[in-house]
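Notes for the one structure printed next.
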Amino acid sequence: MIKVVKFGGSSLADAKQFRKVGDIIRADESRVYVVPSAPGKRFSGDTKVTDLLYRCYDAAKEGKSFRDPLNDIRSRYNEIIKGLGLTVSLDDKFAEIEKSLASSPDKDYTASRGEYLNGILMAAYLGYEFIDPSEVIFFTEEGSLDARKTKQILGQRLQQVKKAVIPGFFGQGFDGRVKTFSRGGSDITGSIVAGACRADVYENWTDVSGFLVADPRIVDNPAAIKTITYKELRELSYMGAGVLHEDAIFPVRREGIPINIRNTNRPEDDGTWIVESTCQKSGYTITGIAGKKDFCAVLISKDMMNSEVGFGRKVLQAFEESGISFEHMPSGIDTMTVVVHESEFMDKEQQVVSTIHRLADPDAIEIESDLALIAVVGRGMKAQRGTAGRIFAALAHAHVNVRMIDQGSSELNIIIGVENRDFETAIRAIYDIFVVTQL
């Protein structure tokens, strides 16, 4: 069996956490490929190493001194080295970083050094081989992952080593320079490595024991999710469930590799299994609830809209010309609503409105703001009658007005739009009826 194990920043914040990680890896001989993040927060109020690196870059770009944050980073790594009793030195690596910042600061290169340096320490601590991601993970000219080239070259490299550490978060851009994924991108690296070596399991170790049915900041002690499908996870991650980077699904999904979310501080917990498909039933009708605030709904009305060929395309073209992507698009016979992020739309609203009038000639356009979207997701909803009715009953009982509803054709999720002020109340009401009372 081959397992790829990725450890998040909180799991590698200091020497004590490193030792926990080392014990976890050594406890299972099949954990042969390790993907570390940069050191995270050691305590509340602490600063992540990646954030310190961004401070270095910002200062260097403005021609200011970056010595203080760089020295803070150096101290963090030296503490880990001393705490683990390692003999490795990072002085030459810090000299390279300092030289880069002083001469030609590069944001992606600077940000990636947290994972890079942690990878060196992890390889030394475990006695594993170190593989530089900039030599085996590649991006296209458009900035997306070059999956074919990466799989071929990374796969060949992994075949040559029995055990290796591959830092997360970055690879080689089309121009040959270091390029990073978006924040949280070490999850993606772990998934890429798992796909390239055709691992049996991709373990993603973090500071929580898997996914929860709802956000614990909103619902007290929410139930845990034991098994979730890729599709369900995609819906929940997109709507704000942040345990795993939403793009980390794709490289393992193609290979049918399950992901196991585990807790570094509670390694005895089973965590959450993310799988392609399963016959295991969820403990509840729903699998999870997630949501986001601050959307806008643009309501376009026109008589006989349904018989006008190309009307929807013209409306969406107006958003495209302004560089705005839409989230949902519920429609009726003479109306269609385009839901967008308020932050993207606010400064361009009149430009979009005038373009819709020019292209589609609607009868009226109305804009509603302060909209929150909540996704109720579950593979069990398809076989359960009255799911939507139970949601509406719960919201009505909690005095929450539903402003929008949109159900996907897969019957995997139901999207409910409510006012921002009702967001938390709505989530608690839905959780209560499906999990607590199970009416």
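The values are calculated or read from the model by the stated rules, or taken from the named source; none is laboratory data. Please read these numbers as outputs of a predicted model, since none were measured by experiment. Because the Cβ atoms are built from the backbone with ideal geometry, glycine has one as well, and the counts that use them run over all protein chains shown. Please note that ligands, DNA and RNA were not included when accessible areas were found on the heavy atoms of the full protein model with its side chains. Shrake-Rupley method; radii C 1.70, N 1.55, O 1.52, S 1.80 Å.
Of the GluC sites (Glu not before Pro) found in the stretch 1-82, the ones in coil according to DSSP and having at most 12 other Cβ atoms within 10 Å of their Cβ are GLU29, GLU62. Shape analysis of the stretch 248-352 based on the Cα gyration tensor places the equivalent ellipsoid semi-axes at 40, 18, 15 Å, largest first. Our compactness index for the stretch 180-245, the C-alpha radius of gyration over the empirical 2.2 N^0.38 Å, is 1.21. Applying 1/(1 + (r/R0)^6) with r as the Cβ-Cβ distance of PHE392 and ASP370 and R0 = 22 angstrom yields a FRET efficiency of 0.60. On a 0 to 90 degree scale, rounded to 10, what angle separates helix 349-360 from the longest Cα axis of the chain? Around 60 degrees separate the two axes. Across all directions, the average projected area of the convex hull around the alpha carbons of the stretch 202-301 is 8.6 nm².
In plain terms, the chain from ASN221 to SER104 could stretch by 37.3 nm, reckoned as 0.36 nm per residue minus the Cα-Cα distance. If you take all other residues with their beta carbon under 11 Å from the beta carbon of THR47, and give Lys and Arg +1 and Asp and Glu -1, the sum is +2.
For LYS41 and THR278 in the same chain, what is the full-extension length gain: residue separation times 0.36 nm, less their Cα-Cα distance, in nm? Could you put the intermediate results ahead of the total?
Values: separation 237, 0.36 × 237 = 85.32 nm, distance 3.60 nm.
Stretched out fully, the LYS41 to THR278 stretch lengthens by 81.7 nm.
Where the centre of each part is set by its Cα atoms, how far does the stretch 384-433 sit from the stretch 303-331, in angstrom? Here the answer is 26 Å between Cα centres. Heavy-atom accessible surface of GLU320, to the nearest 10 Å², is about 140 Å², with a 1.4 Å probe and all protein chains retained. Estimated translational diffusion coefficient (Stokes-Einstein, Kirkwood radius over Cα pairs, 4 °C, 1.567 mPa s) of the chain: 54 µm² per second.
Rounded to the nearest 0.05, the FRET efficiency derived from the C-beta distance between GLU308 and LYS348 at R0 = 22 Å is 0.30.
Among the chymotrypsin sites (Phe, Trp or Tyr not before Pro) found in the stretch 163-268, those both in a DSSP coil and sparsely packed, with 15 or fewer other Cβ atoms within 10 Å of their Cβ, are PHE174. Principal-axis analysis of the Cα atoms of the chain puts helix 91-103 at an angle of about 50° to the longest axis. Annotation for GLN384 and ASP269: the two label points, set 7 Å from Cα along the Cα-Cβ direction, are 2.3 nm apart.
Using only alpha-carbon positions, what ratio does the radius of gyration of the stretch 397-439 give when scaled by 2.2 N^0.38 Å? List each step's numbers first, then the result.
On the way: Rg = 11.3 Å, N = 43, 2.2 N^0.38 = 9.2 Å.
Here the Cα radius of gyration is 1.23 times the empirical estimate.
Within 10 Å of each candidate Cβ there may be at most 15 other Cβ atoms; applying that plus a DSSP loop requirement, which trypsin sites (Lys or Arg not before Pro) in the stretch 242-341 survive?
Details: sites: ARG253, ARG254, ARG262, LYS281, LYS292, LYS293, LYS302, ARG313, LYS314; in loops: ARG254, LYS281, LYS302.
Hits after loop and neighbour filter: ARG254, LYS281.
Counting only alpha carbon atoms, the long axis of helix 147-159 and the longest principal axis of the chain meet at about 30°.
Dividing the convex hull volume of the alpha carbon atoms of the stretch 320-439 by its residue count gives 127 Å³ per residue.
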